[in-house]
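See below for the structure under consideration.
No value in this document is a laboratory result; all are computed from the given coordinates. Just so we're clear, the structure is a prediction, and the values are computed from it rather than from any experiment. For neighbour counting, all protein chains shown are included, and Cβ atoms are generated from backbone atoms with ideal geometry for every residue, glycine included.
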Amino acid sequence: MVLDPAHGGTDPGARGTEGISESDEVLQFAFATKRALEAQGFQVILTREGNDDPSFDDRSARANAQRGAVFITMHIASTGLTGTARVYVEPDAPATKNIAGLIPWDRAQAPFLSLSRKLGDLVQQELSKRFKGSPDTLQTAPVRQLRTTAAPAIAVEISSVVVKERVELDRMVPGVAEAIARGLVEFRPTYVVPSNSAPGGSVQP
Amino acid sequence: MNQKWTMWLGGVLLAAVIAAALYFPALRRQVNKAKDLTEKTAEQARRELLPVAPVSTGDPMVKVNMFWGSRGQEGELVPVVVELPLARDPVLRAKQVLNTLLAGPVDAESRTLPPDAALLAFYILPDGTGIADFSDEIRTSIPSGIQSEQLAVESILRTLEANVPQVLRLKILIHGQEADTLAGHVDLTQLFRVNAKDAAGTQLDNPSPPGSKLPAPIRRAVDTVRRATKR
């Protein structure tokens, strides 16, 4: 499991009330999710654990270097109904050419789209059970971080950094962590690495 | 006598304080107004030098669909009918509808693009690829998040689709440059499909890191935009 707390370093992401910044707050969500996943027996890597800002490609590389990884990038928006969470996957992409077992880095997500959708559906269902007002189904959006990731990959976006009190956001942490862990537990038996995907480390730059 | 003087002085001071309190908001408004006028950014100054989409007063008023955010359904777009003297030329038409989209709806909460963002240039290549160049504010003033950035891009695409059928796909530039993302989330390296007639599946067909791998006609157009914005 590769968990990606978005932004960091000089990029604070969304800024909200009470000095809340997305880059700081999303780390709390990522740490809690890591603990929930480890409790279910997953091995978990974070793309950052402090206030640094790896590039999109560096973050993707953490998943692309391993066979059988799952990637979740975590965000907190500055818009949206407070107390809700949405899952995004990449839109449909044209078929990729698989020459000598390699897939282009820029289209690394393409062979994994159906798995990403399956994972996204499961996590969104869990989130909508816990957070009233969240959509029942996943959304599609061309999220830059997902495109170069050669693994089932979803973006989870929480609303929002604009809250009356920080505690409203903190209250969501255990529910988000639990929803992601439950979704992953359900997804695990169905995850077979696609035959048209590159083996670990063979994503063409 | 002393007491009378003290009361009189106190009264004058109280009157002065009340007058100052009443005058202060007006003074602050005037100062802010003067500040706005003097602190004109380089971006604004450059925008004024660039030709804006002419209002084709000779053209008949046409009802067009603009796609702004829905108030009732979060994250959704709704068509709003607006009357415009729409030009026949597709480039002028695209500029008109995008400038109207930027100007925003009557209800500010339904806005999808930042009010201070501007369309700097618009081109249509012979193969139907549109190139829209926006000012920096489209990335610096937009609310951060996947949902808000997706809504911004979708509102541009749907508005062009509804009103400028000649544009089949769209490349979005920021200040004459290719950008990795709009504001950290939505991928701008790709060509966005605008029109269903563009069956080639261009969305994600040409993702490219900024500065490389663009098809030659788009590369030439991007260079043209860059040269124009450097002037």
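Numbers below:
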{"item": "Under the span-like rule (Cα at least 18 Å along the axis, Kyte-Doolittle mean at least -1.0), DSSP H helices of chain A", "result": "A:22-39, A:113-130, A:173-187"}
{"item": "Neighbour cut-off at most 13 other Cβ (10 Å), DSSP loop, trypsin sites (Lys or Arg not before Pro), the stretch A:86-191", "result": "A:LYS97, A:LYS132, A:LYS164, A:ARG171"}
{"item": "Burial ordering of A:TRP105, B:TRP5, B:TRP68, fewest other beta-carbon atoms within 10 Å first", "result": "B:TRP5, A:TRP105, B:TRP68"}
{"item": "Net +/- balance of residues flanking A:LEU138 in space, Cβ distance below 12 Å, scoring K and R +1, D and E -1", "result": "-2"}
{"item": "Karplus-derived 3J(HN,Hα), 6.51/-1.76/1.60, for each residue of the stretch B:74-88, Hz, glycine and proline x", "result": "5, x, 10, 9, 10, x, 10, 7, 10, 9, 9, x, 6, 6, 7"}
{"item": "A:VAL167 paired with A:ARG67, simple spin-label distance in nm, labels 7 Å along Cα-to-beta-carbon", "result": "5.1 nm"}
{"item": "Amide H contacts under 5 Å for A:VAL70, placed H, 5+ residues apart", "result": "A:VAL2"}
{"item": "Residue-by-residue Karplus 3J(HN,Hα) for the stretch B:11-16, coefficients 6.51, -1.76, 1.60, Hz, glycine and proline x", "result": "x, 4, 4, 4, 4, 5"}
{"item": "Value of relative contact order over the stretch A:100-198, rounded to a whole percent, pairs C-alpha under 8 Å and six or more apart", "result": "45 percent"}
{"item": "Burial ordering of A:MET74, B:MET7, A:MET1, fewest other beta-carbon atoms within 10 Å first", "result": "B:MET7, A:MET1, A:MET74"}
{"item": "Cβ-derived FRET efficiency at R0 35 Å, B:GLU76 paired with A:GLU49, nearest 0.05", "result": "0.45"}
{"item": "Distant-in-sequence amide H partners of A:ILE103 (H built 1.01 Å from N, under 5 Å)", "result": "A:ALA198, A:GLN204"}
{"item": "Structure-based [θ]222 nm, chain A - -39500 (n - 2.57) summed over DSSP H runs of at least 4, per residue, nearest 500", "result": "-10500 deg cm²/dmol"}
{"item": "Derived scalar couplings ³J(HN,Hα) [the stretch A:133-147; Karplus, 6.51 cos²θ - 1.76 cosθ + 1.60; whole Hz; x for Gly, Pro]", "result": "x, 6, x, 7, 10, 6, 10, 10, 7, x, 6, 3, 4, 6, 4"}
{"item": "Built amide H within the under 5 Å cut-off of B:TRP68, gap 5+", "result": "B:VAL78, B:VAL80"}
{"item": "Modelled FRET efficiency - R0 56 Å, B:ALA20 with A:LEU102, Cβ distances, 0.05 increments", "result": "0.15"}
{"item": "Förster-model FRET efficiency, 56 Å R0, A:ALA39 and B:GLN30, C-beta, rounded to 0.05", "result": "0.35"}
{"item": "Leading residue at positive end of dipole, the stretch A:51-199 (Cβ point charges), from A:MET74, A:PRO194, A:PHE112", "result": "A:PRO194"}
{"item": "Residue pairs, from the table A:LYS34/A:LYS129; A:LYS118/B:LYS63; A:LYS34/A:LYS164; A:LYS34/A:LYS132; A:LYS34/A:LYS118, whose Cα atoms sit over 31 Å apart", "result": "A:LYS118/B:LYS63"}
{"item": "Rg/Rh ratio calculated on Cα atoms of chain A (Kirkwood radius)", "result": "0.96"}
